[in-house]
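Colleague: Provided herewith is a single structure, encoded as structure tokens, for subsequent inquiry.
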Amino acid sequence: MSGKVQLGDFLQTRRSQLRPEDLGVPTYGERRRVPGLRREELALLAGVSVSYYTRLEQGQSLNASPQVLDALARALRLEEAERLHLHNLARSARAAGRGRRPAPERVTAATGQLLDALGDVPAIVTGRRGDLLAWNRLGHALFAGHLDPDSADRPAERPNMARLVFLDAHTRELYAHWRSKARAVVGNLRLVAGQYPDDAALHELVGELSAKSADFASMWADHRVKACTVATYEMRHPLVGPLTVTQQTLSQGPGSNVVVATAEAGSPARTALALLARAVTEGAPVRSGSPPRTRRADLT
């Protein structure tokens, strides 16, 4: 999908999600054929002409200044991550290029050392598209114990977090409130799509998930964006039972992230993680396959 189309779709979708009464826009009791704000109403709130905004939404004007984009962000009630996403979409629309297939992502030696240092904490390394590049033993056991522990070492076979969340029955059952996790995954992919508009592998991933999962297609069409930094999830682990963990994403440079799962001291979840660590040490499989162990792929 071109940058122009993404920009127009984002503006149109977010405009349709605003109710006039929430913004103090008078409707005089009239019945509306379409939901949300009209183009002229949003243009008035943003302080731009209706014709200019219409061209922008239709992808016919690619020269929106940062000031205009910020005015539109305020009118659309965008959060900071969404405002930055709007700027990324406008930038990619102006500099549209040919889709490129990027080289396989790698885990740096420094990130590998960090992963080893987090031996008592479940940790995984993800790429910008959500590919699982590496994990420590606890990370594998908590997030993907039903998968081959060596799969992260093989670039062509690496699991992908979005595929797991939407297409893998084990992962779907792992999250008690699955939709919350699913929306976070989609929101993060939306951010990445704005940052890397020419990533052919990302476009293929979105196309595959849209075709195979109606849930993904619906959430993707919603155009919600979300930076996955800190979130709390209730998990239902097949080996140690229910536990509530805080997942924190630590950026390791462009595209690469370390995701760690922690639990409050003295909580049942902390006890469950300790039991999981003991099971890993003793070699008990989480569901099937050989005992998980630390994986570190393609160190550079």
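The values are calculated or read from the model by the stated rules, or taken from the named source; none is laboratory data. In this text, all values refer to a predicted model and were calculated from it rather than measured experimentally. Note: ideal-geometry Cβ built from the backbone for every residue, glycine included; neighbour counts use all protein chains shown. What goes into the accessible areas is simple: the full protein's heavy atoms, side chains included, and nothing from ligands, DNA or RNA. Shrake-Rupley method; radii C 1.70, N 1.55, O 1.52, S 1.80 Å.
Colleague: Look at Arg106 and say whether it is surrounded by fewer than 24 Cβ atoms within 10 Å (Cβ to Cβ), of a type outside the set (S, T, N, Q) and closer than 22 Å to Gly187 by Cα. Write out each step before concluding.
Modeller: On the way: surrounded by fewer than 24 Cβ atoms within 10 Å (Cβ to Cβ): yes; of a type outside the set (S, T, N, Q): yes; closer than 22 Å to Gly187 by Cα: no.
Criteria not met by Arg106.
Colleague: Answer with yes or no whether Thr54 is open to solvent by less than 50 Å² (accessible area, probe 1.4 Å) and either under 21 Å from Ala227 (Cα atoms) or modelled with pLDDT under 90 (or both). So that I can check it myself, show each step before the final result.
Modeller: Working: open to solvent by less than 50 Å² (accessible area, probe 1.4 Å): yes; either under 21 Å from Ala227 (Cα atoms) or modelled with pLDDT under 90 (or both): no.
Here the answer is no, as Thr54 does not meet what is asked.
Colleague: Of everything in the stretch 166-181, what is under 18 Å from Ala227 (Cα atoms) and in contact with a strand residue (DSSP E or B) (Cβ under 8 Å, 6 or more places away or on another chain)? Give them in sequence order. Before you say what the answer is, go through the steps one by one.
Modeller: Taking the stretch 166-181 and keeping what is under 18 Å from Ala227 (Cα atoms), we get 178-181.
Those that are under 18 Å from Ala227 (Cα atoms) and in contact with a strand residue (DSSP E or B) (Cβ under 8 Å, 6 or more places away or on another chain): Ser180, Lys181.
Colleague: Got a number for residues in the stretch 209-218 being touching a residue at least 24 places away in the same chain (Cβ under 8 Å) and surrounded by fewer than 16 Cβ atoms within 10 Å (Cβ to Cβ)?
Modeller: Of the residues in that region, 1 qualify.
Colleague: Further question: Can you name every residue in the stretch 46-69 that is touching a residue at least 40 places away in the same chain (Cβ under 8 Å) and in a loop (DSSP other than H, G, I, E, B)?
Modeller: Gln58, Gly59, Leu62
Colleague: Another question, if that's okay. If a residue must be closer than 14 Å to Gly194 by Cβ, among the small types (Gly, Ala, Ser) and more than 20 Å from the chain's Cα centre (by Cα), how many such residues does the stretch 45-89 contain?
Modeller: 1
Colleague: Considering Leu167, Leu191, which residue is of a type outside the set (Ser, Thr, Tyr) and in contact with a Cys (Cβ under 9 Å, 6 or more places away or on another chain)?
Modeller: Leu191
Colleague: Taking the stretch 22-45, which residues are under 16 Å from Gly8 (Cα atoms), in a helix (DSSP H, G or I) and not acidic (Asp, Glu)?
Modeller: Arg39, Leu42, Ala43
Colleague: Oh, and also: Out of (1) open to solvent by 20 Å² or more (accessible area, probe 1.4 Å); (2) modelled with pLDDT under 95; (3) within 23 Å of Val185 (Cα to Cα); (4) out of contact with any Ser or Thr (no Cβ under 8 Å at 6 or more places or on another chain), what's the single condition that is false for Ala221?
Modeller: Of everything listed in (1) open to solvent by 20 Å² or more (accessible area, probe 1.4 Å); (2) modelled with pLDDT under 95; (3) within 23 Å of Val185 (Cα to Cα); (4) out of contact with any Ser or Thr (no Cβ under 8 Å at 6 or more places or on another chain), Ala221 misses just condition (4).
Colleague: Could you grab me the full set of residues in the stretch 140-169 that are open to solvent by less than 40 Å² (accessible area, probe 1.4 Å), in a helix (DSSP H, G or I) and closer than 22 Å to Ser210 by Cβ?
Modeller: Result: Met161, Ala162, Leu164, Val165, Phe166.
Colleague: Here's another thing I want to ask about it. I'm trying to understand the selection: among the residues of the stretch 224-246, which are open to solvent by 40 Å² or more (accessible area, probe 1.4 Å), of a type in the set (A, V, I, L, M) and touching a helix residue (DSSP H, G or I) at 6+ places or on another chain (Cβ under 7 Å)?
Modeller: Once the filter is applied, which keeps residues that are open to solvent by 40 Å² or more (accessible area, probe 1.4 Å), of a type in the set (A, V, I, L, M) and touching a helix residue (DSSP H, G or I) at 6+ places or on another chain (Cβ under 7 Å), the stretch 224-246 yields Ala227, Leu239.
Colleague: Can you list residue pairs whose Cβ atoms sit under 7 Å apart, with the first residue in the stretch 250-271 being within 20 Å of Val192 (Cβ to Cβ) and the second being loosely packed, with under 12 Cβ neighbours inside 10 Å and modelled with pLDDT under 95? Count only pairs 6 or more apart in sequence or on different chains.
Modeller: Asn257/Ser251
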